[in-house]
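Participant: I have a structure I would like to understand better, so I am pasting it below and will then ask my questions one at a time.
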Amino acid sequence: MQETRELLRIEHLKKYFSTPSGILHAVDDVSFVLDEGKTLGVVGESGCGKSTLGRTILRLHEPTDGKIFFDGQDITGLDKKRMKALRRDMQIIFQDPFASLNPRMTVGQTISESLIIQGLVDKQDKRSLDKRVAELMDLVGLAPRLINSYPHELDGGRRQRIGIARVLALNPKFIVCDEPVSALDVSIQAQVLNLMQDLQDSFGFSYLFITHDLSVVKHLSDEIIVMYLGKMVEKAKTSRLFANPLHPYTQALLSAIPVPDPDFPVNRILLEGELSSPINPAPGCRFAKRCPKACDKCREADIPLKEVEPDHFVACTLVR
């Protein structure tokens, strides 16, 4: 079996924002390792810090604390000039394919822009530039006739393919996929997901795949982390997480997955109670107010993430 190599290491990463009401703990003490060619899924409800986590890793948000190691290098404090060179290796696919594209630029201009900015192709060498753009369009399944089209002339699936081609132009090693199919129709979602998986098989990318769709993350991910209000509450191999979810929040999430059979018995876990505030959070588990199993110990102090089974980590006082 071929040995995998560590590409990304995150150690106790934090990202806080100042608000009129206090300090918002968007990402609070997150740690994980991602190997080359692997996919790490990140799930959790809106506001749990998934997108902020991805953008902080890319230094689109500056981290408040913690360390980011990429390809063996500590990039936490790199200046803008050195980070620009790393942009070739670290890219992002945005959630909204229309909002992330310049409406005044054609498909060809959008894909070629990063090539020009990074100096991979001379702007004056139009023949080489057009050839590379045509290769990228073919790679993501865009017809050559669309090269002079504008985003508003295309459907959501084609727009997202433009975003993927723009990312591939730089031959990255690591891609943050920030809910890349949530704005697409279901039939188009399948096409884009299959494309992303085929590209990973061909080029060996590592993905940080952020999504609400648990069926998607189960299909794509090697490992999954579950976040709740900025905290990691569970991390495990995909098969193990779905077979044996241990944290009460993970159990509730998985119970909400739709089953396409009206006669299939479903045991929904309905959460009640108020959301804890991520602004100046009180000590203890942030899920305690909604957890049906919470006890006094859950509210006394922050719950550390502990390995309870091989490669299965949980932050819960009830799990031994």
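The values are calculated or read from the model by the stated rules, or taken from the named source; none is laboratory data. Quick caveat: nothing in here was measured; it's all calculated off a predicted structure. Here the Cβ is made from the backbone with ideal geometry for all residues, glycine too, and neighbour counts use every protein chain on show.
Participant: So which of Thr52, Thr64 is more than 25 Å from Arg166 (Cα to Cα), at pLDDT 95 or above, of a type outside the set (A, V, I, L, M) and in contact with a Lys or Arg (Cβ under 6 Å, 6 or more places away or on another chain)?
Facilitator: Every option except Thr64 fails the conditions.
Participant: Find the residue count for the range 53-72, including only residues that are surrounded by 16 or more Cβ atoms within 10 Å (Cβ to Cβ) and either free of Cβ contacts under 8 Å to residues at least 40 places away in the same chain or in a strand (DSSP E or B) (or both).
Facilitator: Qualifying residue count for the region: 5.
Participant: Moving on. Could you please give the count of residues in the range 13-49 that are crowded, with 16+ Cβ neighbours inside 10 Å, part of a strand (DSSP E or B), of a type in the set (A, V, I, L, M, F, W, C) and under 17 Å from the mean Cα position of the chain (by Cα)?
Facilitator: Selection size over the range 13-49: 9.
Participant: Keeping to the range 110-139, report how many residues are out of contact with any Ser or Thr (no Cβ under 6 Å at 6 or more places or on another chain), within 9 Å of Ala165 (Cβ to Cβ), at pLDDT 90 or above and not hydroxyl-bearing (Ser, Thr, Tyr).
Facilitator: 3
Participant: Identify the single condition in (1) in a helix (DSSP H, G or I); (2) among the aromatic types (Phe, Trp, Tyr); (3) surrounded by fewer than 16 Cβ atoms within 10 Å (Cβ to Cβ) that Tyr249 does not satisfy, given that it satisfies every other one.
Facilitator: (3)
Participant: Please work out which residue is modelled with the highest pLDDT, limiting yourself to the range 191-244 and to residues that are of a type in the set (Val, Ile, Thr) and in a helix (DSSP H, G or I).
Facilitator: Step by step, filter the range 191-244, then rank; the result is Thr238.
Participant: Can you pull out the residues in the range 123-153 that are in contact with a helix residue (DSSP H, G or I) (Cβ under 7 Å, 6 or more places away or on another chain) and either touching a residue at least 40 places away in the same chain (Cβ under 8 Å) or over 19 Å from Ile93 (Cβ atoms) (or both)?
Facilitator: Lys123, Leu129, Arg132, Ala134, Leu139, Val140, Gly141, Pro144, Ile147, Asn148, Ser149, Pro151
Participant: Does Leu214 meet the test of being crowded, with 18+ Cβ neighbours inside 10 Å and in contact with a strand residue (DSSP E or B) (Cβ under 9 Å, 6 or more places away or on another chain)?
Facilitator: Yes; evaluated as a whole, the condition is true for this residue.
Participant: Identify, by number, the condition in (1) within 28 Å of Glu11 (Cβ to Cβ); (2) part of a loop (DSSP other than H, G, I, E, B); (3) among the charged types (D, E, K, R); (4) modelled with pLDDT of 90 or more that Arg290 doesn't meet.
Facilitator: (1)
Participant: Starting from the range 163-181, take each residue that is more than 19 Å from Val107 (Cα to Cα) and at pLDDT below 90 and list its partners that are among the hydroxyl-bearing types (Ser, Thr, Tyr) and not in a strand (DSSP E or B), counting only C-beta distances under 8 angstrom and pairs at least six apart or across chains.
Facilitator: Once the first residue is more than 19 Å from Val107 (Cα to Cα) and at pLDDT below 90 and sits in the range 163-181, its partners that are among the hydroxyl-bearing types (Ser, Thr, Tyr) and not in a strand (DSSP E or B) give Glu179/Ser51; Glu179/Thr211; Val181/Thr211.
Participant: Moving on to the next point. With the checklist (1) under 22 Å from Ser31 (Cβ atoms); (2) among the aliphatic types (A, V, I, L, M); (3) under 25 Å from the mean Cα position of the chain (by Cα) in hand, flag the one item Ala301 doesn't pass.
Facilitator: All conditions pass for Ala301, except number (3).
Participant: Now a separate question. Sort through Ala85, Ala143 and tell me the only one that's more than 24 Å from Asp28 (Cα to Cα), surrounded by fewer than 18 Cβ atoms within 10 Å (Cβ to Cβ), under 25 Å from the mean Cα position of the chain (by Cα) and hydrophobic (A, V, I, L, M, F, W, C).
Facilitator: The unique qualifying residue is Ala85.
Participant: Pick from Val176, Val133, Val186: which is of a type in the set (A, V, I, L, M, F, W, C), buried (at least 21 other Cβ atoms within 10 Å of the Cβ) and under 23 Å from the mean Cα position of the chain (by Cα)?
Facilitator: Of Val176, Val133, Val186, the one residue that is of a type in the set (A, V, I, L, M, F, W, C), buried (at least 21 other Cβ atoms within 10 Å of the Cβ) and under 23 Å from the mean Cα position of the chain (by Cα) is Val176.
Participant: Name the single residue that is nearest to Lys50 (Cα to Cα) among those in the range 229-277 being without any contact (Cβ under 8 Å) to a residue 12 or more places away in the chain and hydroxyl-bearing (Ser, Thr, Tyr).
Facilitator: Once the filter is applied, the top-ranked residue is Ser277.
Participant: When you go through (1) surrounded by fewer than 16 Cβ atoms within 10 Å (Cβ to Cβ); (2) within 28 Å of Ile210 (Cβ to Cβ) one by one for Gln124, which number turns out not to apply?
Facilitator: Unmet condition: (2).
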